[in-house]
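One structure below.
The values are calculated or read from the model by the stated rules, or taken from the named source; none is laboratory data. Predicted, not measured: the structure shown is a model, and the values here were computed from it. Ideal geometry is used to build each Cβ from the backbone, glycine not excepted, and the neighbour counts take in all protein chains shown. Heavy atoms of the whole protein, side chains included, go into the accessibility calculation; ligands, DNA and RNA do not. Shrake-Rupley method; radii C 1.70, N 1.55, O 1.52, S 1.80 Å.
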Amino acid sequence: MKQFKISIPASSANIGPGFDSAGLALNRFLTLDVTEQEEWEFEHKSHFLPSFTDYADHFIYQIAKQTAERHQKTLPGCKVTVASEIPLARGLGSSASAVLAGIELANQLCDLSLTGEQKLEYGTDIEGHPDNIAASLFGGVVVTATTQNNQVEYVRLSELDLDVVVCIPDSELKTETARSVLPANFSRKNATTASAITNVMIAALLSGDYHVAGKMMENDLFHEPYRAELIPNYENIRRKAKVMGAYGTVISGAGPTMISFVPKGKGAYIREQMEEGLTGYTIAALQIDQTGLQVN
């Protein structure tokens, strides 16, 4: 009888101008405690998790079944106890974490021996973009690209000397809504400028110049100018975080959470300062998770 635990971190995509290509893992987790048994059973232990009526309707089960069927396998029954620290529809990668949970569940139950690259490919096929998937899978800060033949390439950056502060509003924002406000096309001039900003941001992160990285984060042209009106307190949060010493503050994924890169060791202090006068939010000082998906 198999018995194991799967742990997958939350994630934040884009980091401003790294639209649909850059992401980082955060130390809030989706966990599955799995025990093989005759019948399927799911138990939820978090108010962040959505309701379901039957195991066959469960999103994680559906992804696991799809993954098993890719390899002509049948899932054996099991009990899955699910806990989550990741709020839904807040731009913290709850969907990507659940997708990876389903992929890894099938991997373990059916002895698929999937590589990291296969898990990234499967997750990207389902999510439609690799940024959240790669970050939660590998941990750290990951930059990805999908080539013209749909091959996903990625580079995991060295560990950054940063803390992270997130401002999570009580309200949700669906990814579909956040994508609907984006333009279908960019002029060559705008695309060139936007890409250059992304390049400098990544180079600054690699070289440890967090002041330049923060400046570039806040000068995105791909999505933030269009989504800002959907994000409550967008300008107020950016302004206040900057006064408190943040390098840069951007929309986390599609939002509505805002994420700030702050000096190492300053996360708790900046979190306390951000809480003053900002109601209807959960403010958290987090770390960049370096381990990614884990199975015990």
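Residues of region 156-169 that are part of a loop (DSSP other than H, G, I, E, B), in contact (Cβ under 8 Å) with a residue 60 or more places away in the chain and in contact with a strand residue (DSSP E or B) (Cβ under 7 Å, 6 or more places away or on another chain): Leu160 alone. Residues that are open to solvent by 60 Å² or more (accessible area, probe 1.4 Å) and among the hydroxyl-bearing types (Ser, Thr, Tyr) were ranked within region 197-239; the one that is nearest to Asp20 (Cα to Cα) is Tyr226.
Taken over region 125-155, the criterion of being touching a Ser or Thr at 6+ places or on another chain (Cβ under 8 Å) and either over 13 Å from Gly23 (Cβ atoms) or assigned to a helix (DSSP H, G or I) (or both) is satisfied by Glu127, Asp131, Asn132, Ile133, Ala134, Ala135, Ser136, Thr146, Glu153. The sole residue among Leu173, Leu162, Leu137 that is of a type in the set (A, V, I, L, M) and at pLDDT below 90 is Leu173. Every listed requirement among (1) assigned to a helix (DSSP H, G or I); (2) open to solvent by 80 Å² or more (accessible area, probe 1.4 Å) is met by Tyr61 save one, (2).
Could you check, for region 23-40, whether at least one of its residues is open to solvent by less than 50 Å² (accessible area, probe 1.4 Å) and not in a strand (DSSP E or B)? Yes: region 23-40 contains one or more residues that are open to solvent by less than 50 Å² (accessible area, probe 1.4 Å) and not in a strand (DSSP E or B). Please name all residue pairs, on different chains or six or more residues apart, with Cβ atoms under 6 Å, provided the first residue is in region 1-26 and is free of Cβ contacts under 8 Å to residues at least 40 places away in the same chain and the second residue is surrounded by fewer than 24 Cβ atoms within 10 Å (Cβ to Cβ) and in a strand (DSSP E or B). That search, which allows pairs on different chains as well, returns Met1/Glu36; Gln3/Thr35. For Thr249, the criteria (1) open to solvent by less than 60 Å² (accessible area, probe 1.4 Å); (2) at negative phi; (3) assigned to a loop (DSSP other than H, G, I, E, B) hold in every case but one, which is (3). Every condition in (1) in contact (Cβ under 8 Å) with a residue 12 or more places away in the chain; (2) open to solvent by 80 Å² or more (accessible area, probe 1.4 Å); (3) farther than 20 Å from Ile6 by Cα holds for Gln66 except the one numbered (3). Taken over region 110-124, the criterion of being open to solvent by 10 Å² or more (accessible area, probe 1.4 Å), part of a helix (DSSP H, G or I), closer than 29 Å to Glu39 by Cα and in contact (Cβ under 8 Å) with a residue 24 or more places away in the chain is satisfied by Lys119, Tyr122. If only residues of region 276-287 that are in contact with a strand residue (DSSP E or B) (Cβ under 8 Å, 6 or more places away or on another chain) and under 13 Å from Asn233 (Cα atoms) are counted, the one that is surrounded by the fewest Cβ atoms within 10 Å (Cβ to Cβ) is Gly280. Only residues that are in a loop (DSSP other than H, G, I, E, B), among the small types (Gly, Ala, Ser) and surrounded by fewer than 23 Cβ atoms within 10 Å (Cβ to Cβ) were counted in region 252-272, giving 1. Residue count for region 69-88, restricted to those that are hydrophobic (A, V, I, L, M, F, W, C), surrounded by fewer than 21 Cβ atoms within 10 Å (Cβ to Cβ) and outside any strand (DSSP E or B): 2.
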